[in-house]
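The values are calculated or read from the model by the stated rules, or taken from the named source; none is laboratory data. Everything quoted here is computed from the prediction, not taken from an experiment. Here the Cβ is made from the backbone with ideal geometry for all residues, glycine too, and neighbour counts use every protein chain on show. For the accessible areas, the whole protein counts, side chains as well, though only heavy atoms, and no ligand, DNA or RNA atoms are used. Shrake-Rupley method; radii C 1.70, N 1.55, O 1.52, S 1.80 Å.
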Amino acid sequence: MKVKTLSRSSDVYLPARNCEVSRLPRNLDPELHPFERAREYTRALNATKLERVFAAPFVGQLGNGHIDGVYCIAKHTRRLNSAASGSGDGVIKYWDLSSREEVESFTAHRGIVKGLAVTLDGNLLSCGMDNTVKLWDVMNTDHSGGPSKTFLGSSGFTGIDHHRSNPVFVTSSNAVQLWDENRSKPTADLSWGADNVNTVKFNQTEQSIVASTGSDRSIVIHDIRSKAPVQKLVTLMRTNAVCWNPIEAFNFAAANEDHNVYLYDMRNLTRSLNVYKDHVSAVMDVDFSPTGQELVTGSYDKTLRIYRVNEGHSRDIYHTKRMQRIFCVRFTMDTKYIMSGSDEGNVRLWRADAASRSNVKSARERSKLEYDAALKERYKNMPEIRRISRHRHLPKPIKTASETKRIELASIKRKEDNMRRRSKKGTMPYAKEREKQIIGVAIREAENKG
């Protein structure tokens, strides 16, 4: 049997001379301090409270807005302070985001402006229900002579998007058409079965890929190299908008009429990667941040929500008393601000982080903010901190609708459980949350081979 004894050297605690003070052991590592965790928790709690105290997401509206509702916004991909908006009365306004003032305004279409896109040289493409696509030189403030170029279509256009590096663009109407800026007629028809196509969007990384949504509740992936559709996804309800992740090239988000936003991988459309919930009405638009880590949604319930890509519930919700139904949202290219266009005609500017400020910060202030962010991340699952960070004041109609929706979903789930309990085992399998909105997937190549 071995016996171990604890011993220590007398040199550690006994003074070398009688005149010296006795040495005391001192812990120089703050992480090993017995009260350090409690101190850090208190700091994290205070930082979370101060974040909510100083949260002021609304920056202001751009100029005096539009007379009619704002239904499309285009951000300049190469300049941070430029954006354009189109309204229901056919007017396009070009904005300076730094001063929040109107640079120029001109009547572009007879009727509603359905889509805007910025070309490679900084000009503006617009489309409307008057069967025209027009190219505007926004550097020239005199538009009395009309657009630089006009492209005529066979029916009203509902959406437009420009290629990131080539002088081609794609439009949606009763067909998905590919256009060249140097030609007056479309170069290809990419349609696959839909009577009316709502929106189109180029992939910013895999630049030959286009996604479109149709009135037949379909999402179609097209390839402009083969000038043909590749695959189709059909959902239970209609998709209003799509947006590609700028970092993860194969992933895109789809804003649906069933109050949710779905994240898909175009290589496997049989299930969604994530479901973003919390809205209580149809989601009208969605946009990824340039970092690909967050996305913003605008809904018919008059609210704007921000989601982290890997989470299913919104991290923040923005609303004002006067803001009506939101039809378009965009992140700015520096990821710090969000633009929204709503039905009452205003274009609003929001902070992506409600408590952040854009002033110049000293090194000490930056260090403090980074330290607070690390503490909040470390203790984010503590009950008190989680409750404070998640709490938001909601408009009464939104809160009432959320409660009603929660009760309805719980009732449906309870009914399905009762039916499953009284049915033969295996006859009523559980519907997966990420698959139940999908009706079917079709692949064009497989059809051709068959």
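Can you tell which of Ala254, Ala241, Ala249 is in contact (Cβ under 8 Å) with a residue 40 or more places away in the chain and open to solvent by 10 Å² or more (accessible area, probe 1.4 Å)?
Just a single option satisfies the conditions, and that option is Ala249.
The set of residues in the range 332-385 being within 22 Å of Ile317 (Cβ to Cβ) and assigned to a helix (DSSP H, G or I) consists of Ala373, Lys376, Glu377, Pro383, Glu384, Ile385. Filtering the range 198-232 to residues that are under 23 Å from Val286 (Cα atoms), part of a loop (DSSP other than H, G, I, E, B) and in contact with a Leu (Cβ under 8 Å, 6 or more places away or on another chain) leaves only Arg217. Considering every residue within the range 178-197, establish whether at least one is crowded, with 23+ Cβ neighbours inside 10 Å and part of a loop (DSSP other than H, G, I, E, B). There is at least one residue in the range 178-197 that is crowded, with 23+ Cβ neighbours inside 10 Å and part of a loop (DSSP other than H, G, I, E, B).
Of the residues Glu31, Glu36, which is of a type in the set (Asp, Glu), touching a helix residue (DSSP H, G or I) at 6+ places or on another chain (Cβ under 6 Å), modelled with pLDDT under 85 and at negative phi? Exactly one of Glu31, Glu36 is of a type in the set (Asp, Glu), touching a helix residue (DSSP H, G or I) at 6+ places or on another chain (Cβ under 6 Å), modelled with pLDDT under 85 and at negative phi, namely Glu36.
Applying the condition of being under 24 Å from the mean Cα position of the chain (by Cα) and polar (S, T, N, Q) to the range 354-388 and asking which residue is surrounded by the fewest Cβ atoms within 10 Å (Cβ to Cβ) yields Ser358.
The requirement of being outside any strand (DSSP E or B) and under 30 Å from Val234 (Cα atoms) is not satisfied by Ala117.
Can you pull out every residue in the range 400-425 that is surrounded by 10 or more Cβ atoms within 10 Å (Cβ to Cβ) and in a loop (DSSP other than H, G, I, E, B)? Of everything in the range 400-425, just one residue is surrounded by 10 or more Cβ atoms within 10 Å (Cβ to Cβ) and in a loop (DSSP other than H, G, I, E, B), namely Ser423. Does Arg267 fit the bill of being open to solvent by 10 Å² or more (accessible area, probe 1.4 Å) and modelled with pLDDT under 95? Taking the combined requirement at face value, the residue satisfies it.
Within the range 137-159, being open to solvent by less than 10 Å² (accessible area, probe 1.4 Å) and either in a strand (DSSP E or B) or at positive phi (or both) holds for Phe151, Gly159.
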